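Each remark here refers to the structure printed beneath this line.
The values are calculated or read from the model by the stated rules, or taken from the named source; none is laboratory data. Quick caveat, the model's predicted, so the values are computed rather than measured. Here the Cβ positions follow ideal geometry from the backbone for every residue, glycine too, while neighbour counts run over all protein chains shown.
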Amino acid sequence: MGHAKISLQNGINIEYGGATYSLDPRGAVRSDYTFISHAHMDHVQNPGPGTRVLASKETRMLAKARGFELGRTTESAEGVKLLDSGHILGARAICIADELFYTGDAAGRDRAFMGRCRTKKARVLVTESTFGKSNYVFPPIEQVAKQVNSTIGMLFDKGKPVVLMGYALGKSQILSHLFSCWSPLFLHEQVARMNDIYIECGISLKAGNKVGTDLSGLPRGPWVMVSPMMSSRGAVAKRLRKDFGAAFIAFSGWAADPGYAYSLGADYAFAVSDHCDYKELMALVREVSPETVYTTHGFTQEFAADLRDQGFDAKPLAGYQTFLSEY
Ligand SMILES: [Zn+2]
């Protein structure tokens, strides 16, 4: 069948075995197949006409809740395999024959009800490299959970409420699960909306009390709220701090950077991520055991250079977006 041809136009486009595939397109691309790895905003598009959409049912549901209509989706096609990438509910990696493996966004470890990225051997690997720099190694999740629980306990003893902040889709559901033992539990409305879809898909999450941005119905005294990331300069955060005396704990892979909590105006920050850390990225590449690796997102140059040091033929997908976002 020859080798896959990769081109970059509005995303990653693959030509292989007489079919065309566009992977996480950012605009209109004509292709036989459109693969949508997961429902984070930087990966979702309304697909063009006449293409078959490869995505999970959960991705279709989550995308719909965020205003995207994927139409009819399928997880199987001739020679194509979708594998759970563990990143958020419904997130998938794609394998096209034994030729190409594309990770989408991938997790490197078990967290609450989520697992790590499944892999398969392939000749060409296109891997995300969000945290592809050696200082991004995250502590075990059990250790973080323990530290967070003792921090919340200490704040509760002082009568202080606690806001747990993470991305509304993905991270917040992990937080809702990990810290559901605290009561009363409040959910920011954006988080609650995503939690409801997780519950509909069979994930067991405790129903919390929903809170809107007007904060009506929120009592004084200690409670825990799961909320999207907010800067301390925002109006809601200011009110939570001033009127309720709340403390803020942020959860992000970027918390491995010194000064992250400070830059956000949070009281504490913990490195919990839905992406692979540096060591997990390395392990993923070894598992796929590719001839050629392309890196995308985050530290593309740095990670490709480290892979070359390890003997891999590796390069960044030039011209492809390299924002330091963690979605
Ligand atoms: Zn993502």
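Within region 103-122, residues that are under 21 Å from S22 (Cα atoms) and in contact (Cβ under 8 Å) with a residue 40 or more places away in the chain reach partners that are within 14 Å of the ligand (Cβ to nearest atom) and basic (K, R) with beta carbons closer than 7 Å, at six or more positions or on different chains, in the pairs G104/R92. Checking each residue of region 287-294 against the condition of being modelled with pLDDT of 95 or more, in contact with a helix residue (DSSP H, G or I) (Cβ under 6 Å, 6 or more places away or on another chain) and among the small types (G, A, S) gives no match.
Kindly check whether there is at least one residue in region 73-85 that is closer than 26 Å to A112 by Cβ, touching a Cys at 6+ places or on another chain (Cβ under 6 Å) and assigned to a loop (DSSP other than H, G, I, E, B). Yes - at least one qualifying residue is present in region 73-85. When V272 is tested against (1) crowded, with 19+ Cβ neighbours inside 10 Å; (2) modelled with pLDDT of 95 or more; (3) more than 16 Å from the ligand (Cβ to nearest atom); (4) not in a strand (DSSP E or B), only condition (3) is not met. Comparison of M41, M61 shows that the only residue that is modelled with pLDDT under 90 and within 18 Å of I197 (Cα to Cα) is M41.
Report whether or not A145 is more than 16 Å from the ligand (Cβ to nearest atom), closer than 29 Å to L205 by Cα and in the same structural domain as I174 (by TED's automatic domain parsing). When the stated conditions are applied, A145 passes them. Contact map, region 19-46: first residue closer than 16 Å to T296 by Cα, second residue acidic (D, E) and within 16 Å of the ligand (Cβ to nearest atom), Cβ cut-off under 6 Å, separation 6 or more or different chains; pairs are S37/D24; H43/D24. T119 - would you say it is in a strand (DSSP E or B) and in contact with a helix residue (DSSP H, G or I) (Cβ under 8 Å, 6 or more places away or on another chain)? No; evaluated as a whole, the condition is false for this residue. Residues in region 98-108 that are in contact with a strand residue (DSSP E or B) (Cβ under 7 Å, 6 or more places away or on another chain) and either within 16 Å of the ligand (Cβ to nearest atom) or in a loop (DSSP other than H, G, I, E, B) (or both): E99, Y102, T103, G104, D105, A106, A107. When G71, G79, G104 are screened for being at positive phi and either at pLDDT 95 or above or in contact with a Phe, Trp or Tyr (Cβ under 6 Å, 6 or more places away or on another chain) (or both), only G104 passes. Taking (1) buried (at least 18 other Cβ atoms within 10 Å of the Cβ); (2) farther than 27 Å from A65 by Cα; (3) not small (G, A, S) in turn, E287 satisfies each apart from (1).
Yes/no matrix, rows are residues, columns are (1) touching a residue at least 60 places away in the same chain (Cβ under 8 Å); (2) among the aliphatic types (A, V, I, L, M):
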{"position": "Q190", "(1), (2)": "no, no"}
{"position": "V226", "(1), (2)": "yes, yes"}
{"position": "M229", "(1), (2)": "yes, yes"}
{"position": "G265", "(1), (2)": "no, no"}
{"position": "A269", "(1), (2)": "no, yes"}
{"position": "D274", "(1), (2)": "yes, no"}
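When restricted to residues that are more than 15 Å from V80 (Cα to Cα) and not charged (D, E, K, R), region 14-30 contains 4. The set of residues from region 28-67 being in a loop (DSSP other than H, G, I, E, B), within 16 Å of the ligand (Cβ to nearest atom) and surrounded by fewer than 18 Cβ atoms within 10 Å (Cβ to Cβ) comprises just one member, R66.
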